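Data first, discussion second: the structure below is written as C-alpha cells.
What follows draws every value from the coordinates through simple rules; no lab data is involved. A quick note: this is a predicted structure, and the numbers were derived from the prediction, not measured. Please note: Cβ atoms are built from the backbone with ideal geometry, for glycine as well, and neighbour counts cover all protein chains shown.
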Amino acid sequence: MHSPQIVGIGGFPNDVMLEYVLGLARGRKLLYVPTAGMEDPAWTVEWYGRLRGRADMSLLRFNPWPPRDLRSFTLEHDVVLVPGGNTANMLAVWRAHGFDRVLREAWETGVLLTGWSAGMICWFEASVTDSFGPELVGMRDGLGFLPGSACPHYDGEEQRRPVYRRLVAEEGFPAGLALDDAAAALFVGSELREIVASSPGASGYRVDPGAEEPLETRQL
C-alpha cells in the first residue's frame, strides 16, 4: 500500500509540476473535483485535454447531486485533483455530502491528494482565503489532514505575504506554510517531505509569529 500523500501547489501547475505529481502516484487514474470553481465546464474540457496521454481522468460533480456510489467511485482512483476557486463554498458542499470523510479514507489508503490554491489550502487546519470577498482573511475550518495553516500565491498576489504574516504574528493564527505560485510541498502522512519548484526562484516558506524562513527547495 502507498503511504498517504498530499501535494499542495501554490498556483496553477505547469506541465513540469504536473509530471512531478503524477510520478508520485500509484497509478494514473485521476479524479478531477472542480467544486471550488463552480464545476466550470470550460476548465473541465481544458483538463481532459491537458491530461490526455498522461492520465485517465474522471470528473466528480456535486451539481445537481453527487454519484450514488461516491465512496467507491472516489476510492477506485489513484489521484484526486482539486483546482482553485472558493474554498469555503467547496468545503461546505463536500461536508454536506460526506465527501470530507471519503477523502480522508482515500488519503489514508494511498490515493494521492493534490491541487492548487483552494486545492492546496483545503487539506490544512487553517488558511488564508478570499472566499468571503475580495479582502483576504483567515479561515480556521479546513479539513485538518495536515497541521497548521497554509497560504498559496505567495509571490503571485501582492497582499498574500503581508496578510498571512500579520495573521500569524498579531491575530493568533496558526503558524504554517506559504508557497509561491510555481512551488509545491509534498507531505507523506502529515510530515513535510520536500519543497519543489517548477520555475527558477520559486520557493516555500515557514511562517511563524514574527519570522519567515525560506525552505530548502528542489528545482524540478
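Taking every DSSP helix (H) stretch of at least 4 residues in the chain, weighting each as -39,500 (n - 2.57) and dividing the sum by the residue count yields a mean residue ellipticity at 222 nm of -8000 deg cm²/dmol. In the chain, the longest principal axis of the Cα atoms and the axis of helix 15-24 are about 70 degrees apart. Shape analysis of the chain yields a ratio of the Cα radius of gyration to the Kirkwood radius, Rg/Rh, of 0.94.
Per the Cα gyration tensor, region 37-166 maps to an equivalent ellipsoid with semi-axes of 25, 17, 14 Å, ordered largest to smallest.
Other residues whose C-beta falls under 10 angstrom from the C-beta of ALA202 contribute a net charge of -3, scoring Lys and Arg +1 and Asp and Glu -1. Other residues lying with their Cβ under 13 Å from the Cβ of SER131 contribute a combined charge of -2, Lys and Arg counting +1, Asp and Glu -1. Its Cα gyration tensor gives region 140-215 an equivalent ellipsoid; the semi-axes, largest first and in whole Å, are 19, 16, 10.
Descending by average beta-carbon neighbour count within 10 Å, the peptides 17-24, 201-208 line up as 201-208, 17-24, the highest first. Descending by average beta-carbon neighbour count within 10 Å, the peptides 73-82, 155-164 line up as 73-82, 155-164, the highest first. Normalising the Debye intensity of region 114-154 to I(0), with uniform scatterers on Cα atoms only, and taking log10 at q = 0.24 Å⁻¹ returns -0.72.
In whole percent, what relative contact order does the chain give with Cα contacts below 8 Å and a gap of six or more residues? Taking the mean separation of contacting Cα pairs over the length of the chain, I get 23 percent. What would the Debye formula give as log10 I(q)/I(0) at q = 0.13, 0.20, 0.27 Å⁻¹ for the alpha-carbon point model of region 91-167, no solvent? Computed log10 I(q)/I(0) values: -0.41, -0.88, -1.35. Assuming charge only on the beta carbon of Lys and Arg (+1) and of Asp and Glu (-1), the dipole of region 58-104 about its Cα centre is about 180 debye to the nearest 20. Normalised by 2.2 N^0.38 Å, with N the number of residues, the alpha-carbon radius of gyration of region 29-74 equals 1.16. What the Cα convex hull of region 32-113 gives, in volume per residue, is 88 Å³. When the Gaussian network model of the chain links Cα atoms closer than 10 Å, the mean-square fluctuations of PRO66, PRO147, PRO134 top out at PRO134. Of the trypsin sites (Lys or Arg not before Pro) found in region 46-123, those in coil by DSSP whose Cβ has at most 16 other Cβ atoms within 10 Å are ARG52, ARG54, ARG61, ARG68.
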